[in-house]
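Throughout, read-outs are computed from the coordinates displayed, never taken from laboratory work. In this text, all values refer to a predicted model and were calculated from it rather than measured experimentally. Reconstructed Cβ throughout: ideal geometry from the backbone, glycine too, with neighbour counts over all protein chains shown.
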């Protein structure tokens, strides 16, 4: 399964902030297991929505300089409520720092005027060719694919 946890970017200030939304549909595969009689978006996917939002902020701030953006650390993650099918969450992520290979953020998600998740976290960004120059073509393909997805999110 491949999860895409951002449906639309509402606003973006490169180097500063991003706001993005996710609509939860009952047809999403993971809801069959989490939980069959009380389906809710898993907490780890709420956090991933923040991370995915921050990743787009990094990509746009650095003009898609890196093919890989991964979670480095997550701190002070707080889950305050559930997100059920039919609901929408709006993520707001603010950059504390965006440097060449690492960045740090704070963010939160709101649904129906209630903050349901918040966290501070750091990301690591790099290209596969940094370790193996033969991977430069893979980096280029990944970045091109991300640029195409970005067009759909705006």
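Helix 43-61 and the longest principal axis of the C-alpha atoms of the chain enclose an angle of approximately 30°.
One decimal place: the segment residue 72-residue 153 gains 26.7 nm when fully extended, by the rule 0.36 nm per residue minus the C-alpha distance.
Between 69, 143, 18, the Gaussian network model of the chain with springs among Cα atoms under 10 angstrom shows the greatest mean-square fluctuation at 143. Highest mean first, the peptides 47-60, 93-106, 124-137 sorted by other C-beta atoms within 10 Å per residue fall in the order 47-60, 93-106, 124-137.
Segment residue 141..residue 35, full-extension length gain: 34.5 nm, with 0.36 nm per residue of separation and the alpha-carbon distance subtracted.
Relative to the longest principal axis of the Cα atoms of the chain, the long axis of helix 136-153 lies at roughly 40 degrees. Length gained on full extension, residue 100 to residue 120: 5.3 nm, using 0.36 nm per residue less the C-alpha separation.
Using only helices, what value at 222 nm comes out for the chain when you add -39,500 (n - 2.57) per DSSP H run of length 4 or more and divide by the total residues, to the nearest 500 deg cm²/dmol?
Computed mean residue ellipticity for the chain: -8000 deg cm²/dmol.
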